[in-house]
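*Asks:* One structure is given below, represented as structure tokens, and several questions about it will come after.
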Amino acid sequence: MKILFLNHNQEGLGTYWRCFFFAKYLSRRGCQIIMICASGKKFDFLVRRKKINKNFTIITLPRLCYHKYFTGQIIFRLPLNCIFVLFLDYDLIYAFTVAQPQIAIPAILGKFLKRKRLIIDWDDLWSGGFAKIHGGLIEFVLTFFERKSLRFADRITYVSELIGNEIKRIGFLNRAQKIPNGANVSQINPVDKNEAKRKLNLDEKEKYIVSVGNTYTESLKLLVDAFSRVSRKVKNLTLILVGSIEMPQTFSFRKKKVMIVGKKPYSEIPYWLAVADVSVLPMEDNLIEKARFPIRFGDYLCAKRPIVSNAVGEVKYFLEKYQAGLTCEPHSVEDFSNKILLALNNDALSNKISENARKLAEGDLNWEKIAVKLTEVLK
């Protein structure tokens, strides 16, 4: 089976990883995958091709960041996607994030002009969610394509119960299947804490709270405030923030106890997670967070460290069902700080939830098992 994946993200960001792991594990099961996405570079005028394995190829399209939200997606990537859809050899199209016209339009062209089967994946909420950030005409366009494109899908995959409910409301649940994001157990194995500290040149006597991620808004303030409370009661404690993070100057905290280490290569992430006495995953109580399934959640589970989260949506469901972490009220700084203190001070509890986290990663959220389920959808 030859499958053409269409993804709007640049390399290494957001839905890119969902596409990548779907493609990686389907290719191991014999599917031939071509995945098209945007270049990871801010300015790249070339179309590039790289081989991941014998059945999996990635094509990256030009990306020119002349504005935060405008990177050449309509001027460059929309026409190029149309060309690839019309001239590449494939059996079916798998389109991710059809709210973006540079994905929806080529996908629909492929269905009708080349008469190919179309699968649409829905993993983020744009109407009433991300689209509202843009407002005006852009909000209308993103909402229109997100909802109207579904009628052309032969099958739909989705990531969360909230999105499943939206699909049901629109009337397409009979052709839809929930497929969660998985855990990369083949690459992220538990690492000894002191070994990781030596690898990263960190103080072996210090305790660390670690958060990995590139997207924070109000949740960052809540996390910093919770850490400030915890640090008053626990000596030698540092908060490590891994990712592309801008810390507002208005935040009040002891700067020397917060390390913002920036974006790190994926190969380093297991070490940053391994140094954590507590891994924290801050979230917000809104529709965007309830609809999504953070890809880094699987990395947290793989690392086998105690997880604390003011979780909502799918993260809350999995942490509580499998007792794989401690959850708290989304808006409560006090509850968040108390759960962090509980994980720091109760070794028996921390060991239990850490074990359960790894079991969940190796079990229901193992990418290998998810690929088996996805294969059935494709058939």
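*Asks:* As a check on your grasp of the helix formula, calculate [θ] at 222 nm for the chain: sum -39500 (n - 2.57) over DSSP H runs of n ≥ 4, divide by the residue count, round to the nearest 500.
*Replies:* Here the helix-only value at 222 nm equals -12500 deg cm²/dmol.
*Asks:* How far, in nm, would the chain grow between ASN201 and ILE83 when pulled straight, counting 0.36 nm per residue and subtracting the alpha carbon separation?
*Replies:* Result for the pair: 37.6 nm of gain on full extension.
*Asks:* Can you put TYR208, TYR90 in order, fewest other beta carbons within 10 Å first?
*Replies:* Exposure proxy ranking, most exposed first: TYR90, TYR208.
*Asks:* Report the net charge of residues surrounding ILE58, where surrounding means a beta-carbon distance below 13 angstrom and charges are Lys +1, Arg +1, Asp -1, Glu -1.
*Replies:* Numbers: positive: LYS24, ARG48, ARG49, LYS50, LYS51; negative: GLU11.
Combined, the nearby Lys, Arg, Asp and Glu give +4.
*Asks:* Sorted by packing (mean other beta-carbon atoms within 10 Å per residue), highest first, where do 15-24, 50-59, 351-360 land?
*Replies:* 15-24, 351-360, 50-59
*Asks:* Let me ask another. Taking 0.36 nm per residue of separation and subtracting the Cα-Cα distance, what length does fully extending GLN187 through LYS41 add?
*Replies:* Gain on extension, GLN187 to LYS41, equals 50.1 nm.
*Asks:* Now, a different point. So what's the gap between the Cα centers of the range 170-216 and the range 115-152, to the nearest angstrom?
*Replies:* 28 Å
*Asks:* Taking only the alpha carbons of the chain, what extent do you get along each of the three principal axes, in Å, biggest first?
*Replies:* Largest first, the chain extends 65, 42, 41 Å along its Cα principal axes.
*Asks:* Another one. Under a point-charge model restricted to the Cβ atoms of Lys and Arg (+1) and Asp and Glu (-1), what is the dipole moment magnitude of the chain relative to its Cα centre, in debye to the nearest 20?
*Replies:* Its charge dipole is roughly 960 debye.
*Asks:* Which of VAL141, VAL275, VAL224 has the fewest other C-beta atoms within 10 Å, and how do the rest follow up to the most?
*Replies:* Details: VAL141 18, VAL275 28, VAL224 21.
In increasing order of surrounding Cβ atoms, one gets VAL141, VAL224, VAL275.
*Asks:* Related question: Can you give the Rg to Rh ratio for the range 193-362, taking only C-alpha atoms and Rh from Kirkwood?
*Replies:* When Rh is taken as the Kirkwood radius, the ratio is 0.92.
*Asks:* Just how large is the dipole of the range 2-179 about the Cα centre, in debye to the nearest 20, putting +1 at every Lys and Arg Cβ and -1 at every Asp and Glu Cβ?
*Replies:* 540 debye
*Asks:* Right, something else. Label points 7 Å out from Cα along the Cβ direction at LYS148 and GLN177: separation in nm?
*Replies:* If labels sit at LYS148 and GLN177, their model points lie 2.9 nm apart.
*Asks:* Considering only DSSP beta bridges with both partners in the chain, what is the antiparallel share in %, to the nearest 5?
*Replies:* 15 percent
*Asks:* Less than 10 Å Cβ to Cβ from ALA343, Lys/Arg counted +1 and Asp/Glu -1: what total charge do the surrounding residues give?
*Replies:* Net charge around ALA343: 0.
*Asks:* If you don't mind, there's one more thing I want to ask. Towards the positive end of the charge dipole of the chain, with charges on Cβ (+1 Lys, Arg; -1 Asp, Glu), say which of LEU237, TRP126, SER27 has the farthest Cα.
*Replies:* SER27
*Asks:* For ASP285, ASP124, ASP203, what ranking results if the residue with the fewest other Cβ atoms within 10 Å of its Cβ goes first?
*Replies:* Ranking ASP285, ASP124, ASP203 by Cβ neighbours within 10 Å, fewest first, gives ASP203, ASP285, ASP124.
*Asks:* Could you give the length gained by full extension between LYS352 and LYS235, i.e. 0.36 nm per residue of separation minus their alpha carbon distance, to one decimal place?
*Replies:* Gain on extension, LYS352 to LYS235, equals 39.7 nm.
*Asks:* A follow-up question, please. Just to be sure I understand: with springs between alpha-carbon atoms less than 10 Å apart, which residue in PRO330, PRO265, PRO106 has the highest mean-square fluctuation in the Gaussian network model of the chain?
*Replies:* Of PRO330, PRO265, PRO106, the most mobile in the Gaussian network model is PRO265.
*Asks:* Using modelled amide H (1.01 Å from N, peptide plane; none on Pro or chain starts), what sits under 5 Å from the amide H of ARG117, excluding residues fewer than 5 places away?
*Replies:* Result for ARG117 returns ILE93.
*Asks:* Sticking with this one: Quick one: net charge around TYR25, please, counting Lys, Arg +1 and Asp, Glu -1 for every other residue with C-beta under 14 Å from its C-beta.
*Replies:* Overall, the nearby charge balance is +4.
*Asks:* Then there's this: Taking just the C-alpha trace of the range 2-179, give me its Rg and Dmax in Å.
*Replies:* 15.3, 45
Bear in mind that the values in this text are calculations on the coordinates, not laboratory data. Here the structure is a predicted model, which is why all the values come from computation and not from measurement. Please note: Cβ atoms are built from the backbone with ideal geometry, for glycine as well, and neighbour counts cover all protein chains shown.
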